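The values are calculated or read from the model by the stated rules, or taken from the named source; none is laboratory data. As the structure is a computational prediction, the values presented were derived from the model and not from experiment. Because the Cβ atoms are built from the backbone with ideal geometry, glycine has one as well, and the counts that use them run over all protein chains shown.
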């Protein structure tokens, strides 16, 4: 199951899973161009009231669930006079993932196995005056997923938090995008996560180190 695969990392990773022989279902707010017998798609927004029901039914149609990847994500610059976009960012980036886990995790626990991957960001360590909703929602996402990992691992269910820096997609906004990696590189990182089931992966490593140092230097006092 890949959540958020209209384009970007989610779409590229869906194609890779299909190429590797997986049976895949995708959920996103718009259709994509994938038409193969081993793929099914449901068009639904992760913030919609019926999203948990659509997700649950799609798992039933799939016949079970080994892997779920939450790749849905948005981010907009802040407008202090209208914080609606920042609210919506939290609803997609954080609460969409939380709602997904609430449906997926019990099924994995019942099966005694499963793997949930959430795509977070190296921005989760930063205090951002430009996009506080994005940084804040990713901070919440990383914390929640790593907490779930600690709670579920002994039950056979694995949770991986993947913290990417700039990836060459439409999400990579701004005039400065240091150490940006291609989508294909991001997909290879996810493939290794599926194979090894780590708790946390941060890429690229140099940017992860720089982000940690910057977070320490710019922490409000």
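Scanning segment 27-38 for residues that are assigned to a loop (DSSP other than H, G, I, E, B) and crowded, with 17+ Cβ neighbours inside 10 Å yields one hit, 32. Taking every residue in segment 27-53 that is at negative phi and touching a residue at least 24 places away in the same chain (Cβ under 8 Å) and pairing it with any residue that is surrounded by fewer than 13 Cβ atoms within 10 Å (Cβ to Cβ) and in a helix (DSSP H, G or I), at least 6 positions away or on another chain, the pairs with Cβ-Cβ distances below 9 Å are 52/102.
Which of the numbered conditions does residue 165 fail, given that it passes all the others? Conditions: (1) at pLDDT 95 or above; (2) in contact with a strand residue (DSSP E or B) (Cβ under 8 Å, 6 or more places away or on another chain); (3) over 15 Å from residue 70 (Cα atoms); (4) surrounded by 21 or more Cβ atoms within 10 Å (Cβ to Cβ). Checking residue 165 against (1) at pLDDT 95 or above; (2) in contact with a strand residue (DSSP E or B) (Cβ under 8 Å, 6 or more places away or on another chain); (3) over 15 Å from residue 70 (Cα atoms); (4) surrounded by 21 or more Cβ atoms within 10 Å (Cβ to Cβ), the one that fails is (1). Of the set (1) farther than 25 Å from residue 51 by Cα; (2) crowded, with 23+ Cβ neighbours inside 10 Å, all apply to residue 93 but (1). Assess whether residue 24 counts as being more than 15 Å from the chain's Cα centre (by Cα) and buried (at least 19 other Cβ atoms within 10 Å of the Cβ). Yes, satisfied. For residue 170, the conditions (1) closer than 17 Å to residue 9 by Cβ; (2) in a helix (DSSP H, G or I); (3) at pLDDT below 95 are fulfilled apart from (2).
Of the residues 10, 21, the single one that is at pLDDT 95 or above, under 16 Å from residue 187 (Cα atoms) and in a loop (DSSP other than H, G, I, E, B) is 21. Among the residues making up segment 193-208, those that are surrounded by 12 or more Cβ atoms within 10 Å (Cβ to Cβ), at pLDDT 80 or above and in a helix (DSSP H, G or I) are 193, 194, 207. Summed over segment 109-140, the residues that are surrounded by 22 or more Cβ atoms within 10 Å (Cβ to Cβ) and not in a helix (DSSP H, G or I) give a count of 8. Restricting attention to segment 39-86, the residues being in a loop (DSSP other than H, G, I, E, B), buried (at least 16 other Cβ atoms within 10 Å of the Cβ) and under 20 Å from the mean Cα position of the chain (by Cα) number 9.
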